[in-house]
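Notes follow the structure.
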Amino acid sequence: MMNDFAQSNFQAPVSAKVEAFIQESPSIFTLRLQLCDAKARKAYSFMPGQFNMLYLYGIGEVPISIVSDPVESTFIDHTIRVVGHVTEGLAKLKVGDEVGLRGPFGRGWPLALARDKDLVIVTGGLGCAPVVAAINFALNRRPHYQNIQIVQGVKHSDDLIWREQYDRWNQLEGVKVMLAADKAGAAWPFHTGQITELLDDVDLAPDRSLALICGPEGMMKAAAEKLIDDGISPFSIYVSLERNMQCAVGHCGHCQMGADFLCKDGPVFVYPDVRDRLMQEGI
């Protein structure tokens with residue numbers, strides 16, 4: 001859902017300056033941006049789970065999830081994996097460079113529904129990026145939420161980013177972080193195996209829990225079905241989906257999934273709405 005700012009710039013990007021470049025891993029980095037225009041900074045707002053289109057002048061644009069807290073600062077953080085020519089160009093930016101920004105776009109996480117409930121957050125790979133803003137939002141408003149349990153899985157232990165951040169979160173009262181790697185190096189101190197195996201260690205109170213899941217579709221479906229088997233309502237489970245988003249406003253059709261366009265009807269959906277569409281090709 002576009003707010004007033006996004007509606008005003010949904011076609012033409014506004015300029016944003018790189019305030020910090022953080023190398024998270026050899027192929028993953030975080031761009032900390034600030035809108036150049038003071039009026040634009042004041043008007044810009046987003047909800048956790050939404051995304052921006054980042055435009056590299058002369059090359060193209062890509063959809064990138066926002067990982068910062070919506071109101072804690074005027075900076076807008078995006079964590080990016082190098083996967084194509086646009087992200088390769090973004091990876092070469094330096095502090096002081098400018099990019100174009102359109103957004104925010106899409107439907108975010110239903111954090112208003114999570115008030116006074118437990119949050120169960122399950123993510124895989126860089127799929128953690130779309131929920132980081134939700135985690136920061138909840139932690140910065142701790143009295144509004146009960147227990148927060150974060151389950152993060154990666155293919156290889158070397159792929160884990162934000163290790164210090166997970167360690168810090170795990171020290172907070174009422175917060176439990178569980179990490180898994182399909183393949184682990186010699187020094188890996190956490191679980192080795194599938195992320196769904198860690199769900200047995202979640203202290204689940206089905207009647208007061210809301211689950212946020214993102215990552216590969218197979219993982220999301222397996223995790224959602226495991227939580228349902230454990231008693232949580234399917235309508236208390238939300239997933240964030242990825243497709244090839246090129247226009248962000250439902251015009252180009254590249255991100256269509258059945259009757260929905262992920263850029264404007266998603267990327268966050270309540271699980272029953274997409275349960276039968278996950279892992280299905282050609283829809």
Checklist entry - Within segment 110-118, is even one residue in a strand (DSSP E or B), at pLDDT 95 or above and either in contact with a strand residue (DSSP E or B) (Cβ under 6 Å, 6 or more places away or on another chain) or in the same structural domain as Tyr238 (by TED's automatic domain parsing) (or both)? => result yes
Item to check | Lone qualifier among Trp188, Trp169 - being modelled with pLDDT of 90 or more, more than 20 Å from the chain's Cα centre (by Cα) and of a type in the set (Phe, Trp, Tyr) | outcome: Trp188
Next on the checklist: Given the criterion in contact with an Asp or Glu (Cβ under 9 Å, 6 or more places away or on another chain), surrounded by fewer than 21 Cβ atoms within 10 Å (Cβ to Cβ) and modelled with pLDDT of 95 or more, identify the matching residue among Gly100, Gly89.
Outcome noted: Gly100
Checklist entry - Which condition breaks for Thr123 when tested against (1) assigned by TED's automatic domain parsing to the domain that holds Leu35; (2) crowded, with 17+ Cβ neighbours inside 10 Å; (3) not hydrophobic (A, V, I, L, M, F, W, C)? => result (1)
Checklist entry - Considering Asp182, Asp207, which residue is surrounded by 15 or more Cβ atoms within 10 Å (Cβ to Cβ) and among the acidic types (Asp, Glu)? => result Asp182
Next on the checklist: Being outside any loop (DSSP other than H, G, I, E, B), under 26 Å from Phe235 (Cβ atoms) and within 13 Å of the chain's Cα centre (by Cα) is the requirement here; does Val151 meet it?
Outcome noted: no
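The values are calculated or read from the model by the stated rules, or taken from the named source; none is laboratory data. The model shown is predicted, which means the values in this text are computed figures rather than measured ones. A quick note on method: Cβ atoms are made from the backbone with ideal geometry, for glycine too, and the neighbour counts reach across all protein chains shown.
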